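Engineer: Mind having a look at this structure? Questions to follow.
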Amino acid sequence: MTKKRGTKYVVKKGSAYWPNKEMKAIANMTDPKIYTKAAKDPVKFWEELAKVGLTWESLWSPKNGYVEKLPYFEWFKGGKINFSVNCIDRHLDRGDQTALIWVPEPTNEDVIKLTYAELYDKVNRFANVLKENEIKKGDVVSIYLPMIPEALIAMLACTRIGAIHSVVFSAFSADALNARIKDGKAKILITSDGYYRKGKPEPLLDKAKKAAKKTTIKKIIVVDRIGKKVRGSMFLDFHTELELAESYCKPEVMNSEDIMFILYTSGTTGKPKGVMHDTGGYAIQAYQTCKWNFDLHKEDIMWCTADIGWITGHTYAFYGPLLVGATTLIYEGGPNYPNPGRWWKIIEDHKVNVFYTAPTAIRMFIKTPQSWIKKHDLSTLKILGTVGEPIDKESWLWYFNSIGGGRCPIIDTWWQTETGGTLINTLPGIGPFVPTVSGKSFPGLKHVIVDDKGKEMPKGKKGLLAGVSPFAPGMLHGVFNNHKKYVDTYWKKFKTMYDTSDGAYLSNGLFRITGRTDDVMKVAGHRLSTAEVEDAFHDNSLISEVAVVPMPDKLKGQVPIAFIVLKKGSPSKKLESKLRKYIDIKIGPTARPKRIYFVNDLPKTRSGKIMRRILKALLINEEPKGLMTLINPESVDKIKEVILSNEK
Ligand code: WT7
């Protein structure tokens, strides 16, 4: 396969783009019949992919390729596998290849590159560190780390010994971390003293320490990133321990169905759910989607800008590229540091081939002076990906032209924390690439658009997106310690179909996703529940009632807005900023409401339910419907006045 700089990979036909012969010549998948072929026997299809794509200790018995007893289902049952072997050991014949490129934020620090052989050594050693600290197969390990190589080492080390990792986003608060540690009953917390953000060291350890109080955590393993002294018998230094440890750790043979990790995500209630992912099913989905969606080859360099605190970071910044045996690039810091050219300089410096980011970032760069982008050579790029929220046409075209130089397909991947890997998108060797449209279900998967009752909608009509059996191998295997939540969230509505909570419609047979239909917000691509923010406010004694709703935002897609009824005190700018800071402490800055409106009353039904729908309408200046059902319709005009007077 040859990759020439600046190759044009697409041609325009009508309003869509298609792969041209240059793309087809290199693409891992070019057969448009793959969809119908896979649909004939999807289980067999995935079994074949898993046999060829992964390295197994032993295979599952042929009748256990897929076992479904809803709401649970199992893949490759009885198959034995170790995840770290698939990410590292099996690539050691090319041990000198770079597995990871780490770009620190400070420009005077060196980039770190780890070859597969070096990564192997570190992961083995750290796996032994975990074992010495009494971590066994099935134990939960909490990881609260920024985008540094140690995050990858720690996570892979967990998978080597069969410990379950639970990564918590480093920008989340101590309270958020505390709740997640408690839920998982983790014995060990791996964190760092801090990280660099916008040119400054950002401390992390104090939050970690606070979070570990009154929990099951016995030891905190700390990466020295910003040179803070750490003292106390509870703390271990990451690198000292690593160097002292034995250099080989035998990989634990795991069942394909064993839980590999938990990742907490927001639902419609205040408490985040621990989404559980298995080992073999997750692995094949991560591997295959990297190969086919991003046309990832061993010699490719992929940069997924997502933080490891989110599923996209797990699957496409870390695991997917390693499963394929390619090189992954991660960057520690802010996209604008020291200037808005940073990301594009990284692409140029490291010759990135596959770039995967979120619409929020794209919208931000549309607004920056374009010279920051133009001065960098982006001709090594082959494929561009987008994820996390619907992408508007303007952003799509800008991404296509300004970053892709009009040469690269845009792969608009729809998926969720729950699905482990992408489920709906166009494949680069097949096409078409249509602005704002995601594409088809990945071969071997099926989705439908239905009404509330699960009845299929007429073609082209908007409805709810649902997954159909057999469910994707990478999909969640339950909610940690909470069967009821699992059933209620995903299986209650349709019983035999997976409820995605997204709205969608078909446009020429391709899925266009319109966004969440529940009380989940996507703020700068980050998932947050309105209830979570409301619960945080409720801890404050000044507040009597609160409703949080998303408002459309040009940059972030959506931003949270809070409507608050005070118990005591009077509204003021000072109080508003105090309350916003309060959310930073309780959840993290992502959840900080853009605006707080102090009102006397919230619109409610006779049964006392707050009508958030009405607040949403008022925020976008629409006439709210269904006021007859309210017990206090007069509240609506008053709220309107408050919103208007704040705009002045
Ligand atoms: C929600 C899941 C999965 C990786 C990151 C987000 C929205 C995701 C798209 C897309 C339109 C999208 C959906 C989904 N979403 N990708 N390509 N087009 N919307 O994971 O935080 O679990 O959020 O993100 O609303 O339900 P997540």
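The values are calculated or read from the model by the stated rules, or taken from the named source; none is laboratory data. Remember, it's a predicted structure, so these values are computed and weren't measured experimentally. Cβ sites come from the backbone with ideal geometry, for glycine too, and all protein chains shown count toward neighbours.
Engineer: Looking at segment 349-428, what helices (runs of 4 or more DSSP H) fall wholly within it and have at least 1 residues that are within 15 Å of the ligand (Cβ to nearest atom)?
Structural biologist: On the way: elements: 359-366, 371-374, 393-398.
The qualifying helices (runs of 4 or more DSSP H) are 359-366, 393-398.
Matching residues to (1) outside the structural domain of V468 (by TED's automatic domain parsing); (2) more than 30 Å from F400 (Cβ to Cβ); (3) more than 27 Å from the chain's Cα centre (by Cα):
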site: K21; (1), (2), (3): no, no, yes
site: P32; (1), (2), (3): no, no, yes
site: D41; (1), (2), (3): no, yes, yes
site: F45; (1), (2), (3): no, yes, no
site: T55; (1), (2), (3): no, yes, no
site: N108; (1), (2), (3): yes, yes, yes
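Engineer: Could you grab me the full set of residues in segment 293-320 that are in a loop (DSSP other than H, G, I, E, B), within 20 Å of S266 (Cβ to Cβ) and not small (G, A, S)?
Structural biologist: To start, the set of residues in segment 293-320 that are in a loop (DSSP other than H, G, I, E, B) comprises 294-300, 305-310.
Okay, now just the ones that are also within 20 Å of S266 (Cβ to Cβ), so 306-310.
Residues satisfying the conditions are D307, I308, W310.
Engineer: Would you mind finding the one in T436, T417, T413 that is assigned by TED's automatic domain parsing to the domain that holds A50, touching a helix residue (DSSP H, G or I) at 6+ places or on another chain (Cβ under 8 Å) and farther than 28 Å from E257 by Cβ?
Structural biologist: On the way: T417 fails: farther than 28 Å from E257 by Cβ; T413 fails: farther than 28 Å from E257 by Cβ.
Going through T436, T417, T413 in turn, the sole match is T436.
Engineer: Yes or no: D539 assigned by TED's automatic domain parsing to the domain that holds I610, in contact with a Gly (Cβ under 6 Å, 6 or more places away or on another chain), acidic (D, E) and more than 11 Å from the ligand (Cβ to nearest atom)?
Structural biologist: Numbers: assigned by TED's automatic domain parsing to the domain that holds I610: yes; in contact with a Gly (Cβ under 6 Å, 6 or more places away or on another chain): no; acidic (D, E): yes; more than 11 Å from the ligand (Cβ to nearest atom): yes.
Here the answer is no, as D539 does not meet what is asked.
Engineer: Related question: Every residue in segment 512-527 that is within 18 Å of P359 (Cβ to Cβ) and more than 9 Å from the ligand (Cβ to nearest atom), please. Outline the logic, then answer.
Structural biologist: First pass over segment 512-527, keeping only residues within 18 Å of P359 (Cβ to Cβ): 512-516, 520-527.
Residues satisfying the conditions are M521, V523, A524.
Engineer: OK, next. Mind checking which residues of segment 295-309 are within 19 Å of E389 (Cβ to Cβ) and not acidic (D, E)?
Structural biologist: C304, T305, A306, G309
Engineer: Is it true that some residue in segment 309-328 is under 14 Å from the mean Cα position of the chain (by Cα), surrounded by fewer than 24 Cβ atoms within 10 Å (Cβ to Cβ), within 29 Å of D93 (Cβ to Cβ) and within 13 Å of the ligand (Cβ to nearest atom)?
Structural biologist: yes
Engineer: Let me ask something else. Considering each of I153, I148, I188, I161 in turn, give the residue that is surrounded by fewer than 23 Cβ atoms within 10 Å (Cβ to Cβ), among the aliphatic types (A, V, I, L, M) and under 24 Å from L244 (Cβ atoms).
Structural biologist: Numbers: I153 fails: surrounded by fewer than 23 Cβ atoms within 10 Å (Cβ to Cβ); I188 fails: surrounded by fewer than 23 Cβ atoms within 10 Å (Cβ to Cβ); I161 fails: surrounded by fewer than 23 Cβ atoms within 10 Å (Cβ to Cβ).
Among I153, I148, I188, I161, only I148 is surrounded by fewer than 23 Cβ atoms within 10 Å (Cβ to Cβ), among the aliphatic types (A, V, I, L, M) and under 24 Å from L244 (Cβ atoms).
Engineer: Here's another thing I want to ask about it. Being basic (K, R) and in contact with an Asp or Glu (Cβ under 9 Å, 6 or more places away or on another chain) is the filter here, so list the residues in segment 25-43 that pass it.
Structural biologist: Taking segment 25-43 and keeping what is basic (K, R), we get 33, 37, 40.
If the condition is that a residue be basic (K, R) and in contact with an Asp or Glu (Cβ under 9 Å, 6 or more places away or on another chain), then K37 is the only one that fits.
Engineer: Right, here's the next one. Being part of a helix (DSSP H, G or I) and touching a strand residue (DSSP E or B) at 6+ places or on another chain (Cβ under 9 Å) is the filter here, so list the residues in segment 626-648 that pass it. Step through it out loud before you land on a result.
Structural biologist: Looking only at segment 626-648, we keep the residues that are part of a helix (DSSP H, G or I), and these are 627-629, 634-647.
Listed by number, the residues that qualify are T629, S635, V636, I639, V642, I643, N646.
Engineer: For G454, state whether it is under 18 Å from the mean Cα position of the chain (by Cα) and in a loop (DSSP other than H, G, I, E, B). Give the derivation first.
Structural biologist: On the way: under 18 Å from the mean Cα position of the chain (by Cα): no; in a loop (DSSP other than H, G, I, E, B): yes.
Criteria not met by G454.
Residue-wise test of (1) in contact (Cβ under 8 Å) with a residue 60 or more places away in the chain; (2) outside any helix (DSSP H, G or I); (3) not assigned by TED's automatic domain parsing to the domain that holds V533.
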| position | (1), (2), (3) |
| --- | --- |
| I561 | no, yes, no |
| I564 | no, yes, no |
| D584 | yes, no, no |
| I614 | no, no, no |
| L618 | no, no, no |
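Engineer: Taking N646, is it closer than 25 Å to K554 by Cβ and surrounded by fewer than 17 Cβ atoms within 10 Å (Cβ to Cβ)?
Structural biologist: Working: closer than 25 Å to K554 by Cβ: yes; surrounded by fewer than 17 Cβ atoms within 10 Å (Cβ to Cβ): yes.
Yes: the conditions hold for N646.
Engineer: Does S469 satisfy the condition of being closer than 29 Å to A283 by Cβ, surrounded by 17 or more Cβ atoms within 10 Å (Cβ to Cβ) and either free of Cβ contacts under 8 Å to residues at least 24 places away in the same chain or of a type in the set (S, T, Y) (or both)? I'd like the intermediate steps shown before the answer.
Structural biologist: Numbers: closer than 29 Å to A283 by Cβ: yes; surrounded by 17 or more Cβ atoms within 10 Å (Cβ to Cβ): no; either free of Cβ contacts under 8 Å to residues at least 24 places away in the same chain or of a type in the set (S, T, Y) (or both): yes.
No: the conditions fail for S469.
Engineer: Among the numbered conditions (1) away from the ligand (no atom under 15 Å from the Cβ); (2) surrounded by fewer than 24 Cβ atoms within 10 Å (Cβ to Cβ), tell me where T305 comes up short.
Structural biologist: With respect to (1) away from the ligand (no atom under 15 Å from the Cβ); (2) surrounded by fewer than 24 Cβ atoms within 10 Å (Cβ to Cβ), T305 is out only on (1).
Engineer: Further question on the same structure: Among the residues of segment 110-125 satisfying the criterion of being under 27 Å from the mean Cα position of the chain (by Cα) and of a type in the set (A, V, I, L, M, F, W, C), which is farthest from A245 (Cα to Cα)?
Structural biologist: Out of the qualifying residues, it is V111.
Engineer: I've got another one for you. Going through segment 398-412 one residue at a time, which ones are surrounded by fewer than 24 Cβ atoms within 10 Å (Cβ to Cβ) and under 15 Å from the mean Cα position of the chain (by Cα)?
Structural biologist: Correct list: empty.
Engineer: With the condition kept exactly as written, say whether any residue in segment 443-466 is assigned by TED's automatic domain parsing to the domain that holds F511, within 13 Å of the ligand (Cβ to nearest atom) and touching a helix residue (DSSP H, G or I) at 6+ places or on another chain (Cβ under 9 Å).
Structural biologist: First, the residues of segment 443-466 that are assigned by TED's automatic domain parsing to the domain that holds F511: 443-466.
Then keep just the ones that are within 13 Å of the ligand (Cβ to nearest atom); that gives 447, 464-466.
Next, from what is left, pick out any that are touching a helix residue (DSSP H, G or I) at 6+ places or on another chain (Cβ under 9 Å): none.
No, segment 443-466 contains no residue that is assigned by TED's automatic domain parsing to the domain that holds F511, within 13 Å of the ligand (Cβ to nearest atom) and touching a helix residue (DSSP H, G or I) at 6+ places or on another chain (Cβ under 9 Å).
Engineer: Out of the strands (runs of 3 or more DSSP E) lying entirely within segment 183-226, which hold 1 or more residues that are in the same structural domain as D139 (by TED's automatic domain parsing) and touching a helix residue (DSSP H, G or I) at 6+ places or on another chain (Cβ under 9 Å)?
Structural biologist: Values: elements: 188-192, 194-197, 200-203, 219-223.
The qualifying strands (runs of 3 or more DSSP E) are 188-192, 194-197, 219-223.
Engineer: Still on this structure, please answer the following. Since V533 meets every condition but one in (1) outside any loop (DSSP other than H, G, I, E, B); (2) touching a residue at least 12 places away in the same chain (Cβ under 8 Å); (3) more than 16 Å from the ligand (Cβ to nearest atom), which condition does it not meet?
Structural biologist: (3)
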